[in-house]
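Undergrad: Before anything else, here's the structure in question.
Since every read-out is calculated from the coordinates, none of them should be taken as a lab result. These numbers come from a predicted model, not from an experiment. With ideal geometry, Cβ positions are generated from the backbone for all residues, glycine too; neighbour counts draw on all protein chains shown.
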Amino acid sequence: MFEPRDPPYPELKKTHTMAHTGRPWTDFKPPAAASVWASVEGLGRYYILLAALEIGVFDGLQRTGPARAEDLADELGVSTDHLRSLLDGVVAQGLLDQFRDVYELNDTAKRYLVTDGPASMASLIPVAPGPHENWTRLADTVRNGRPATPIEDDPVAFYVPLVEGTFTTMFRCATRADFKVRYSARPDTRVLDLGAGGAPWSIAILNACPQGSAVVNDLDGVIEVARRKTSEHDVISRCEFRPGDFHSIDIEASSYDIVVLGHVCRTEGEEGARSLIARAFDALRPGGRLLLADYFPDMERKANPHAVIMGTTMMASTERGFTFTHREFSEWLRAAGFRSIRLIEPIGFQQTFVAERPLSSSDQTTQTGD
Ligand SMILES: C[S@@+](CC[C@H](N)C(=O)[O-])C[C@H]1O[C@@H](n2cnc3c(N)ncnc32)[C@H](O)[C@@H]1O
């Protein structure tokens, strides 16, 4: 009887065709281990990048231009052999270029990894995965249904560096969103920005609306980042700061043209997210719009690995954090009374629901047909 053998190089078995059966090519074609190695190497890949940022590799190469390992090691004051090994690890990830023994910034590094790159992620990378020690205890978190040290234990310590790190990306997203949302069409737009972080959305909207004003909310301690950023962008005089928990602060009914829920729902669980959507609905004037930005997995939670892994990242480090699918959010928005619901992607990977509070409850009925 035919016994499948386990060949040593499964990934080389490309020549298997109908015409090549039997020895040495058999019908049994095991999968390659590449995807398993990709997971194992994930840890090393991240820490190679982190170390390169910490010792200043990208900013150093920006100063020196293309450089050999020994010259860059002199510039950075580190060990040449260890640096060469680290640089090779960065090159292997496609984050630097190398020709013979000369290393140089490629376009990815110039845009995302130097501190003053146009879309720099340099300060986001250390904090984006959440507290690193929570990853080493992930199995316990799944056993217990709770991380040992959720970020809610000390939100200020976690969120201040996070919102500093995400500001550049979110500000680009919020600025470009005007092409799709046209908030600039109403120069006196009034905004409510819940969990505003560094207030990238408020700043972008106020930049586009010269008579606009914003109520900016975040936790005590984190809201200082919003104060600083709005001051740097010269819109602070048009902002009112309202510190406190977004589930319980006072919010005026039917008063705002735009309410922003920017990357806040995924830490709140279904109940919390739906309650924020309901608060946003009440706060909007009829005809006003909610902008709800987050990472949304597809219906089956597998076609968008970035959003799916963001969900696992939330599970690893927060008390109630999970991502929710496009379908779940659209259903919740509709159930809260929103209509004209659409999804925009102002920049890559940054999706935002835009949903309108109908002008009257009869519009609501007409549009739904209920
Ligand atoms: C991922 S950041 C998003 C910041 C900003 N909206 C953006 O899009 O860049 C989440 C923000 O929500 C704030 N936050 C978390 N829980 C909050 C609460 N209960 N009340 C008010 N703000 C909260 C955090 O401090 C943090 O600034």
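Undergrad: Cα axis of helix 34-54 to longest principal axis of the chain: angle in degrees, 0 to 90, nearest 10?
TA: Taking the Cα atoms of the chain, the angle to 34-54 is about 70 degrees.
Undergrad: Still on this structure, please answer the following. Highest GNM mean-square fluctuation, the chain, Cα pairs closer than 10 Å: which of Asp178, Asp59, Asp250?
TA: Highest fluctuation among the options: Asp250.
Undergrad: Which one, Arg45, Arg334, Arg172, has the greatest fluctuation when you compute a Gaussian network model over the chain with C-alpha springs under 10 angstrom?
TA: Judging by the Gaussian network model, the answer is Arg45.
Undergrad: Dipole of the range 34-122, Cα-centred, from +1 at each Lys and Arg C-beta and -1 at each Asp and Glu C-beta, to the nearest 20 debye?
TA: Here the size comes out at about 260 debye.
Undergrad: If amide H atoms are built 1.01 Å from N in the plane of the peptide, which residues on other chains or at least 5 residues away come under 5 Å of the amide H of Tyr256?
TA: Leu284, Arg285
Undergrad: Additional query: Show me, for the range 94-100, the HN-Hα J-couplings you get by feeding each phi into the Karplus relation (A = 6.51, B = -1.76, C = 1.60, θ = phi - 60°), rounded to Hz, glycine and proline as x.
TA: Once θ is set to phi - 60°, the couplings for the range 94-100 become x, 9, 8, 9, 9, 10, 6 Hz.
Undergrad: Can you give me the angle between helix 155-181 and the longest principal axis of the chain, using Cα atoms only, in degrees from 0 to 90, rounded to the nearest 10?
TA: Long axis of 155-181 versus the principal axis of the chain: about 80 degrees.
Undergrad: For the range 258-275, take each phi angle, set θ = phi - 60°, evaluate the Karplus expression 6.51 cos²θ - 1.76 cosθ + 1.60, and give the result in whole Hz per residue in order, putting x for glycine and proline.
TA: These are the phi-based 3J(HN,Hα) values: 9, 10, 10, 10, x, 6, 10, 6, 6, 9, 9, x, 4, 4, x, 5, 5, 5 Hz.
Undergrad: Taking amide H positions as placed 1.01 Å from N in the peptide plane, with prolines and chain starts having none, which residues 5 or more places from Thr323, or on another chain, fall under 5 Å of its amide H?
TA: Excluding prolines and chain starts, which carry no amide H, the hits are Gly311.
Undergrad: With θ set to phi - 60°, apply the Karplus curve 6.51 cos²θ - 1.76 cosθ + 1.60 along the range 308-322 and write out the HN-Hα couplings as whole Hz, x wherever there is a Gly or Pro.
TA: For the range 308-322, the Karplus-derived couplings read 5, 6, 4, x, 5, 4, 5, 4, 5, 9, 10, 6, 10, x, 8 Hz, x marking Gly and Pro.
Undergrad: Using amide H atoms built 1.01 Å from N in the peptide plane, name the residues 5+ places from Leu219, or on other chains, whose amide H lies under 5 Å from its own.
TA: For Leu219, whose amide H was placed from the backbone, the distant partners under 5 Å are Gly244.
Undergrad: Follow-up. Which distance in Å, rounded to a whole number, links the C-alpha centroids of the range 169-240 and the range 109-154?
TA: 25
Undergrad: Could I ask something else about it? Roughly what angle does helix 223-232 make with the longest principal axis of the chain, taking Cα atoms, 0 to 90 degrees, to the nearest 10?
TA: 90
Undergrad: Also, I was wondering about something else. For Leu219 and Asp282, what is the calculated FRET efficiency with R₀ set at 35 Å and r taken between the beta-carbons, to the nearest 0.05?
TA: Computed FRET efficiency for Leu219 and Asp282 comes out at 0.95.
Undergrad: Go from 0 up to the bin containing the longest alpha carbon distance in the range 216-360, width 5 Å each, and give me the % of pairs per bin.
TA: Whole-percent P(r) values from 0 Å outward: 2, 9, 17, 20, 20, 17, 10, 4, 0, 0.
Undergrad: Taking neighbour Cβ counts within 10 Å as the exposure measure, how do Ser39, Ser275, Ser254, Ser120 sort from fewest upward?
TA: Ser39, Ser254, Ser275, Ser120
Undergrad: In terms of Cα to Cα distance under 14 Å, which aspartates and glutamates are near enough to Lys110, apart from those fewer than 8 places away along the same chain?
TA: Filter leaves Asp59, Asp97.
Undergrad: In deg cm²/dmol and to the nearest 500, what is the mean residue ellipticity at 222 nm of the chain if only DSSP H runs of at least 4 residues count, each as -39500 (n - 2.57), divided by the residue total?
TA: That comes out to -13000 deg cm²/dmol.
Undergrad: Share of antiparallel DSSP beta bridges in the chain, in percent to the nearest 5?
TA: If I count the DSSP bridges inside the chain, around 50 percent turn out antiparallel.
Undergrad: Need one number: nm distance between label points at Ala32 and Ala157, each 7 Å from Cα along Cα→Cβ, rounded to one decimal.
TA: Calculated label separation equals 4.3 nm.
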